[in-house]
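K.L.:
I am attaching a structure below and will ask some questions about it afterwards.
The values are calculated or read from the model by the stated rules, or taken from the named source; none is laboratory data. Keep in mind it's a predicted model, so treat the numbers as computed, not measured. Methodologically, a virtual Cβ is constructed for each residue, glycine included, from the backbone with ideal geometry; neighbour enumeration extends over all protein chains shown. Protein only, heavy atoms only, side chains kept; ligands, DNA and RNA dropped before computing areas. Shrake-Rupley method; radii C 1.70, N 1.55, O 1.52, S 1.80 Å.
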Amino acid sequence: MKKPTLYQATIEKSINCPQCGDTLPLYFKWSKLVQCPSCKSSIFLEDKSVILLGDSSALSPEPSLINIQEPFIFEKKSYLPLGKIRYSYGRGFWEEWFLKGEANQEFWLSIDEGDFALEQEAKITMPFHNIHKLTLGKSYGTYVVTEIGEGECVGFTGELPENISVGKLHQYAHLSEGGSSLITVESSSSKRMKVFKGNWIDPFKITKVYG
Ligand SMILES: [Zn+2]
């Protein structure tokens with residue numbers, strides 16, 4: 001069997017941390033937010049300027065199948081995890097991992113107590129513009145609302161293609177079609193509703209790449 005081609009974690013550009021001056025390599029051309037590995041400052045990248053957001057709530061490291069800058073393979077495609085956002089829902093938390101795909105696409109891997117969903121932002125026009133209009137069990141075409149939840153954004157590590165709002169409430173809803181197919185709508189107080197499409201995936205089919 002032909003092995004899938006792996007790509008290296010290549011540095012797209014480097015900046016200097018405005019707080020500690022350390023060199024900060026960026027692995028994604030369109031990253032908007034990065035945490036300095038040395039001083040843990042959050043740095044917002046706006047066009048050519050670099051804005052210090054102050055100390056970010058550093059996330060305690062958790063044992064994880066997925067690790068920043070360690071590529072993995074799923075269904076013959078490789079993905080490079082570059083950052084993660086953590087959301088708390090009181091007694092626990094879930095994480096949204098930002099992954100760079102083989103052709104520089106943005107993917108999001110949501111990990112919630114062993115449930116893995118791999119999705120991409122999709123240009124799908126939903127028949128509603130407010131996530132609060134959704135109720136569990138309601139159908140939209142072939143999709144049914146199967147989960148509605150919310151959590152507080154508690155922090156991030158690595159680099160992200162968007163800014164986050166620590167402390168802000170984040171709402172989401174899953175719409176399922178049966179099988180593994182999934183649509184997720186997300187809404188944070190300050191931002192427009194976003195729509196993602198993808199699949200629930202089997203974490204046992206994720207292969208780690210070492211070397
Ligand atoms: Zn720094």
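K.L.:
Which whole-number percent is the relative contact order of region 58-208 (Cα, under 8 Å, 6+ apart)?
P.N.:
Details: 318 pairs, mean separation 35.7, N = 151.
Rounded, it is 24 percent for region 58-208.
K.L.:
If ligands, DNA and RNA are left out, what is the accessible area of PHE44 with a 1.4 Å probe, given in Å² to the nearest 10?
P.N.:
Approximately 40 Å² for this residue.
K.L.:
Can you give me the convex hull volume of the Cα atoms of region 134-211, divided per residue and expressed in Å³?
P.N.:
On the way: hull volume 10.5 nm³, N = 78.
Each residue corresponds to 135 Å³ of Cα convex hull volume.
K.L.:
A further question follows. Give the list, by residue number, of cysteines in the chain with no other Cys Cβ closer than 4.7 Å, or say none.
P.N.:
CYS153
K.L.:
Working from the pairwise distances between different alpha carbons, so that the mean of 1/r is found and then inverted, what is region 126-167's Kirkwood radius in Å? Walk me through the numbers on the way to the answer.
P.N.:
Numbers: mean 1/r = 0.0761 Å⁻¹.
Evaluated over region 126-167, this radius sits at 13.1 Å.
K.L.:
Moving to a separate point now. In region 37-167, with Lys and Arg counted as +1 and Asp and Glu as -1 at Cβ, which of these residues, PHE128, PRO37, TYR79, has the Cα nearest the positive end of the dipole, that is, farthest along it?
P.N.:
PHE128
K.L.:
Now, a different point. About its Cα centre, what dipole magnitude does the chain give when the only charges are +1 on Lys and Arg Cβ and -1 on Asp and Glu Cβ, stated in debye to the nearest 20? Walk me through the numbers before you get to the answer.
P.N.:
On the way: 23 positive and 25 negative charges, 92 e Å.
Charge dipole, the chain, about its Cα centre: 440 debye, nearest 20.
K.L.:
Moving on to the next point. Kindly flag which residue pairs out of LYS100/LYS138; LYS84/LYS194; LYS13/LYS77 have an alpha-carbon separation exceeding 28 Å in this structure.
P.N.:
Details: LYS100/LYS138 33 Å; LYS84/LYS194 18 Å; LYS13/LYS77 24 Å.
The pairs that break the limit, which is 28 Å between Cα atoms, are LYS100/LYS138.
K.L.:
Heavy atoms only, probe 1.4 angstrom, no DNA, RNA or ligands counted: give me LYS208, LYS40 ranked by accessible area, highest first.
P.N.:
The most accessible residue leads, giving LYS40, LYS208.
K.L.:
What is the Cα centroid distance between region 134-199 and region 100-124, reported in whole angstrom?
P.N.:
That distance is 12 Å.
K.L.:
Take the Cα atoms of the chain, find their three principal axes, and give me the spread along each one in whole Å, biggest first.
P.N.:
Extents along the principal axes, in whole Å: 52, 48, 33.
K.L.:
Quick one: how many Å² of LYS76 are accessible to a 1.4 Å probe, rounded to 10?
P.N.:
About 140 Å², ignoring ligands and nucleic acids.
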